[in-house]
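Heads up: the structure comes next, in structure tokens.
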Amino acid sequence: MPNPHILFTTVCRPFGGEGEGDSVGAELFHPQITREQGIFSYRQVVRCWALDYIAHNIESSSVVLHYPSEREFVRELKKHRYDFIGINFVVATYHKVKRMKQLIEIYAPDTKVILGGYGTVLSDEELSPCGDFICREEGIGFMRKLLGDNPEGPIMHPYAPIDAPSVFSYPRRSKVAHITGGLGCPNGCDFCCTSHFFKRKYIPFVKSGEELYGLMLLMKKEAEKAGDDISGFILIDEDFFLHEKRAREFLQCVREGGKPLSIMGFGSIRGLSKFTADEIAEMGFEVIWTAFEGTESGFHKLKGIQSIPELYASLKSRGIALLTSMIIGFPYQDKEQVMKEFNIIAELGPSLWQVLIYFAFPGTPLHEQMVREGRYLPKYSDNPDYRTFDGFSMHFTHPYFTADEMKNLQRELFRKYYETLGPSLLRNLRVWFEGYRSLRNSSKKLLRLRAEELGKCVRGGAAATYPAMFFGPNKERREEAKAFLRDIENEMGPLSAKERVLCWATVPLSLWTWMKSRLNLFQQPKLLRIQYPPTPAPRSERKAVELHSSFPVTIPAAGTTCPSYSCAVESKNAE
Ligand code: SF4
């Protein structure tokens, strides 16, 4: 088909409707991590980056919609003729795909529908009424094959930033750039859809540390061009540190570049143990999502060289905040055991935490086991309501808990963490403050520069102590907030008059945030519509980019060679 017109879209908003899992939507922190923290909850709409990546890597021009309303989706179908519509979804949003398919039949009956995303673990029988094609693999390669492009072509990384997380409705002007380092994970935890979707294979999007560093420089340049202020990067890679060679190359580049970075990434205890805390700090990690799961879960990823408390302490002392995930519902866990594990995590003191229910997701070994052993609850096996396939419900029998008891326990734990550890925002600032104090006299220049940056973050975030002093979950946490502000002032000097005004401004903003949440106002994401490429380049030019992409170029700042960097830059020029 010459020059096909393609629309890529997420499912339609609104999210969190009657019967829908409230953890499914356009945000990660608020529904899944800081969900019980009220006004202190982080708000950040993320993009479905898979769609941006695919659109950026095919020859045809396309449009990407993130979170359209039904009306906006219909308007798009009425206004433009599309040959293909690709819909990304998860199992819990499949009901929305069904509705979108109805709309497509009315407004674009000749358009072919492609289904993609982790929702495609459902059977052909269930999916085929809604899709002409089902993508159950890495999406760029799939679309290239479908459209007759070169499936082996290089992967280029779109500049697709999101707003930095905001709290108390405080408008943040800075953005976070995104890079996907790779898909899939070889660790193969039995419940993990991500890992088993790609058959425990890791598919690298970034092959070397030089390439990764070059991409970060490229993103900064793109941000400058767009007039964006980039405050950091989110690096999507399930276990970045497991790929030691690439991570060490990256570390070397950052050292040579001499400028501290700010990265949020993912790493297992096993992966993190391959590096010293200094090295991880030098790479620029400020927040790392890592798993604790359960003391007797036995996952290979949890085995490191150091003990977990030592690892946590060393990372935190370098200003690296931890986001820790816990699982409840392992067969060995009764209530007493769960509370024991809760206490261990509370003692480790992560800045952020997640508690999910051990979940038998279709396509995983755990799901097979539950079906084989006949432990799947009839409610979920006979006529399943997929809207609750989200890690916030238990779908099989458990020796100690009913499904409802498990759900209540999960809610209780989220709340208990908040009451025990306080708002995540303050915990993050506290870790960065410790990093600032311990690194400012480091013998390594890069770490001294990191300390400066951490210090600025702490000073800039000091205003958050005011809402915590007034509205923290209990007296102890409120006193802690007061003590923290005292520590900041002792270390960095008293707050200026302007800073005090800002502190007081957070109080009405907090009340406004509380009211919005109570009245369910402004809680949904807005439509983001992007044209790829912004000005369509002739196919012949885009071809030329690919042909030249294998020639390495030198990146002056890093002093290294990087084929994909050149490719991405040329691609942008071609656009
Ligand atoms: S380490 Fe994380 S991403 Fe990898 S298999 Fe386990 S749960 Fe999945």
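The table that follows gives values for the structure above.
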quantity	calculated
Members of segment 85-125 that are of a type in the set (D, E, K, R), more than 23 Å from the chain's Cα centre (by Cα) and outside any strand (DSSP E or B)	98, 99, 101, 105, 110, 124, 125
Of all residues in segment 335-382 being farther than 28 Å from residue 120 by Cα and aromatic (Phe, Trp, Tyr), the one that is surrounded by the fewest Cβ atoms within 10 Å (Cβ to Cβ)	342
Residue tally, condition of a type in the set (Ser, Thr, Tyr), in contact with a strand residue (DSSP E or B) (Cβ under 8 Å, 6 or more places away or on another chain) and within 16 Å of residue 39 (Cβ to Cβ), over segment 406-430	1
Within segment 312-323, tally of residues that are surrounded by fewer than 20 Cβ atoms within 10 Å (Cβ to Cβ) and either at pLDDT below 95 or within 16 Å of the ligand (Cβ to nearest atom) (or both)	0
The lone exception for residue 173 - which of (1) charged (D, E, K, R); (2) away from the ligand (no atom under 16 Å from the Cβ); (3) modelled with pLDDT of 95 or more; (4) out of contact with any Gly (no Cβ under 7 Å at 6 or more places or on another chain) it fails	(3)
Selection from segment 296-311 of residues that are within 16 Å of the ligand (Cβ to nearest atom) and free of Cβ contacts under 8 Å to residues at least 24 places away in the same chain	298
Neighbours by Cβ (under 7 Å, 6+ apart or cross-chain): first from segment 337-363, closer than 25 Å to residue 317 by Cα and in the same structural domain as residue 197 (by TED's automatic domain parsing); second assigned to a strand (DSSP E or B) and among the β-branched types (Val, Ile, Thr)	345/324; 348/324; 350/324; 353/324; 355/328
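So that you can scan it fast, the table gives a plain yes or no per residue for (1) assigned to a helix (DSSP H, G or I); (2) within 16 Å of the ligand (Cβ to nearest atom); (3) out of contact with any helix residue (DSSP H, G or I) (no Cβ under 6 Å at 6 or more places or on another chain):
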position: 179; (1), (2), (3): no, no, no
position: 188; (1), (2), (3): no, yes, no
position: 199; (1), (2), (3): no, yes, yes
position: 212; (1), (2), (3): yes, no, no
position: 216; (1), (2), (3): yes, no, yes
position: 225; (1), (2), (3): yes, no, yes
position: 230; (1), (2), (3): no, no, no
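The values are calculated or read from the model by the stated rules, or taken from the named source; none is laboratory data. Given the structure is predicted, the values throughout are model-derived calculations rather than measurements. Cβ: placed from backbone, ideal geometry, glycine included. Neighbour counts: every protein chain shown.
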